[in-house]
Amino acid sequence: MADSSGASNHPNTWPLIHGLRKERERKEQKCILATCAIQTRTKNGDNFVGTGSLVKDFFENCDQKIHLIASEKVFSSHDLSCYFLRFKKLDGCSNKKWRRLLSICKREVRISHGLAFVPVDRTKFNPFRKGYSGILTHRPFTISAERKEGLRDSELCCHVVEESGNKFDIKQYKVLGIAVEEAHFTDHNSMKIESADMYSHNRKGLGAPFSITGEDGKKKAVGAFTLGENEQVSFVLFSQIDRSRLPPGW
């Protein structure tokens, strides 16, 4: 017998209904799930240093299928032992436990266009976790290789880690003007925010991902926020990077 929503009350249908509901919630919260806070832990204390995101199938011929992407400015050295990651739970409010970066990633940082790419190492997940870990399954963004001109009429969002004491939030901002090379941020009140304010004080926006909603309704990553030459703000689109082959030296 069906209830008022049309769903069957048969007990065997509940796992299916629950699975579909959870998949819908994951789709709606994709930007929050894929984005993480990056923190250092040293003898001088703990510090939030930037925003990262998980992306899958970035380099078409790379053995590692998932990468953590951030700004190269987030990593002060190639020694990753002091770096930790923190993700949000599906509700977008609760935090997952801190994960040591090297507990899931290889000991290497790959740099291209001012962005840092850290390969996620599947061998660091036990056989059971490989099938259920969100890091390997539902968290990573898929790529949209839209060029600037293709983003002219798209709503482009940026998700930024904001520090609040020992906690953090992930706040959404809009990115406007990227198609005409006059990119800037606006908040939910459409107030313009200077780019420098996105990576100072409590905002840790270096490495923050840009996303659009595809025709299939899924949120897809199109780029990230970093600093380029002479510490100039750089809005890097993934379409600017040759993803068909690995950069020299990789």
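The values are calculated or read from the model by the stated rules, or taken from the named source; none is laboratory data. Predicted model only: the values in this text are computed from it and were never measured. Backbone-built Cβ (ideal geometry, glycine too); neighbour counts: all protein chains shown. To get the accessible areas, we keep the full protein, side chains included, count just its heavy atoms, and leave off ligands, DNA and RNA. Shrake-Rupley method; radii C 1.70, N 1.55, O 1.52, S 1.80 Å.
Would you give the gap between the C-alpha center of the range 65-113 and the C-alpha center of the range 168-188, rounded to a whole Å?
23
Which shape class applies to the range 32-93: rounded if a/c is under 1.5, otherwise prolate when a/b exceeds b/c and oblate if not, where a ≥ b ≥ c are the square roots of the Cα gyration tensor eigenvalues?
oblate
Nearest 10 degrees, 0 to 90: what angle lies between the long axis of helix 14-28 and the longest principal axis of the chain (Cα atoms)?
Its long axis makes an angle of about 20 degrees.
Ignoring ligands, DNA and RNA, what accessible area per residue does the chain give at 1.4 Å, in Å²? Write out the running numbers ahead of the final one.
Numbers: 13410 Å² over 250 residues.
Result: 54 Å² of accessible area for each residue.
All other residues with a Cβ under 11 Å from the Cβ of PHE168 taken together, and with Lys, Arg as +1 and Asp, Glu as -1, what is their net charge?
+3
Can you give the net charge of the other residues whose Cβ lies under 10 Å from the Cβ of CYS105, counting K and R as +1 and D and E as -1?
Here the count lands on +3.
Among all the lysines, which ones have a C-alpha under 23 Å from LYS124's C-alpha, if same-chain residues fewer than 8 places away are not counted?
Of all the lysines, those that pass the test against LYS124 - Cα under 23 Å, at least 8 places apart if same chain - are LYS56, LYS65, LYS88, LYS89, LYS96, LYS97, LYS106.
Given a cut-off of under 8 Å on Cα pairs at least six residues apart, what relative contact order in percent is computed for the range 189-250?
For the range 189-250, the relative contact order is 20 percent.
Helix-derived [θ] at 222 nm for the chain: sum -39500 (n - 2.57) over DSSP H runs of at least 4, divide by residue count, nearest 500?
Working: 3 runs with 26 residues, N = 250.
After summing the helix terms and dividing by the residues of the chain, the value is -3000 deg cm²/dmol.
Remind me, relative contact order of the chain in percent, using alpha carbon pairs under 8 angstrom and six or more residues apart?
Here the relative contact order equals 21 percent.
Tell me the net charge near ALA116. Cut-off is 12 Å between Cβ atoms, ALA116 excluded, with +1 for each Lys or Arg and -1 for each Asp or Glu.
Residues close to ALA116 contribute a combined charge of 0.
Could you grab the relative contact order for the range 71-162? Cα pairs under 8 Å, six or more apart, rounded to a whole percent. Don't jump to the answer; show the numbers that get you there.
Numbers: 73 pairs, mean separation 17.4, N = 92.
Relative contact order for the range 71-162 comes out at 19 percent.
By DSSP, what percent of the beta bridges with both residues in the chain are antiparallel, rounded to the nearest 5?
Within the chain, antiparallel bridges account for around 95 percent of the total.
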